[in-house]
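Q: Before I ask anything, here is the structure I am working with.
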Amino acid sequence: GAVVSQHPSRVICKSGTSVKIECRSLDFQATTMFWYRQFPKKSLMLMATSNEGSKATYEQGVEKDKFLINHASLTLSTLTVTSAHPEDSSFYICSARRLVSYNEQFFGPGTRLTVL
Amino acid sequence: EDQVTQSPEALRLQEGESSSLNCSYTVSGLRGLFWYRQDPGKGPEFLFTLYSAGEEKEKERLKATLTKKESFLHITAPKPEDSATYLCAVQAVNYGGSQGNLIFGKGTKLSVKP
């Protein structure tokens, strides 16, 4: 149990285009999903917290107009990187917190974004 | 400021050579401490949650312990397949921004040679 999927696993796009990344909790309901960014050999940096049915909460320094987050259901959250630029290239990872177990977060496999 | 520090940054072991990874933390109030394993190019895999000082949890060759200032991840007789980066994270009782946010350390990269 507690499986989280992400799609796509890898994406390469041209500068200026938008990219959508999906995060799904496959076998449980998640009231809260988190989006992280990870640079090479660095730890995870929280970008935003996504609550089902409400607006996402963004961490300081994260542009909410550039990283659009939608959490339309208890099993799906999406992150859209708008007008992507090479500096947005990174490894994006989502996590989901179960309704039942308040504290534990389960992570997706990540999405490698490369912007040319 | 809430902070998590992991040491060492990298650890090389021979197969069967037991050792420990350290996670020191400062947090206003600890709700939970988490250990994850991350393989290259993949998301973190949940290992343990610890909630109070003195608590211990085991899973196969791994054992996690918790004190009021730090946590240890003990690896007994490691195998090459235990090679990965091990991440420690804490969740504070009160976090003004995101609810339930995890604060991660930078990880310990473990390499186990056969």
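Taken together, the values in this text are just the output of simple stated rules run on the coordinates, not laboratory data. Quick caveat, the model's predicted, so the values are computed rather than measured. Here the Cβ is made from the backbone with ideal geometry for all residues, glycine too, and neighbour counts use every protein chain on show.
Q: Near the amide H of A:T17, under 5 Å away, which other amide H atoms are found, from residues 5 or more places off or on another chain, if H is placed in the peptide plane?
A: Excluding prolines and chain starts, which carry no amide H, the hits are A:A84.
Q: Explain nothing, just compute: Karplus ³J(HN,Hα) = 6.51 cos²θ - 1.76 cosθ + 1.60, θ = phi - 60°, for every residue of segment A:68-77 in order, whole Hz, x for Gly and Pro.
A: Those phi angles translate into 8, 10, 10, 10, 7, 9, 6, 10, 9, 10 Hz.
Q: What ³J(HN,Hα) values, in whole Hz, does the Karplus curve 6.51 cos²θ - 1.76 cosθ + 1.60 give for segment A:29-42 when θ = phi - 60°, with x put for Gly and Pro?
A: 9, 10, 6, 10, 10, 10, 10, 10, 10, 10, 8, x, 6, 10
Q: Work out from phi, with θ = phi - 60° and the Karplus expression 6.51 cos²θ - 1.76 cosθ + 1.60, the ³J(HN,Hα) of each residue of segment B:68-80, listed in order in whole Hz, and give x for Gly and Pro.
A: 6, 10, 7, 10, 10, 10, 8, 10, 9, 6, x, 10, x
Q: Could you work out the mean projected area of the convex hull around the alpha carbons of chain B, in square nanometres to one decimal?
A: 6.8
Q: Continuing with this model, one more query. Rg and Dmax in Å for chain A, alpha carbons only: what are they?
A: For chain A, the Cα-based Rg and Dmax read 13.3, 42 Å.
Q: How many nm is it between the label spots at B:H74 and B:Y51, if each spot is 7 Å from the Cα in line with the beta carbon?
A: Label at B:H74, label at B:Y51, 2.3 nm between them.
Q: Show the residues, 5+ positions off or on another chain, whose built amide H is closer than 5 Å to the amide H of A:C94.
A: A:Y36, A:G108, A:G110
Q: Taking the alpha-carbon centroid of each part, what is the distance from segment A:32-62 to segment B:1-49 in angstrom?
A: 20
Q: What FRET efficiency, computed as 1/(1 + (r/R0)^6) with R0 = 25 Å and r the Cβ-Cβ distance, is obtained for A:K66 and A:S5, rounded to the nearest 0.05?
A: Efficiency, rounded to the nearest 0.05: 0.55.
Q: Between A:K55 and A:D27, what is the spin-label point distance in nm, taking each point 7 Å from the Cα along the Cα→C-beta axis?
A: 3.7
Q: Just for the protein assembly as shown, what percent of DSSP beta bridges are antiparallel, to the closest 5?
A: So the antiparallel bridges in the protein assembly as shown amount to around 90 percent.
Q: Provide the net charge surrounding B:Y36, with neighbours chosen by a C-beta distance below 12 Å and charges set as Lys +1, Arg +1, Asp -1, Glu -1.
A: So the environment of B:Y36 carries a net charge of -1.
Q: Sticking with this structure for a sec: For B:S28 and B:Q3 in one chain, what is 0.36 nm times their gap in residues minus the Cα-Cα distance, to one decimal in nm?
A: Going from the current span to full extension adds 8.0 nm.
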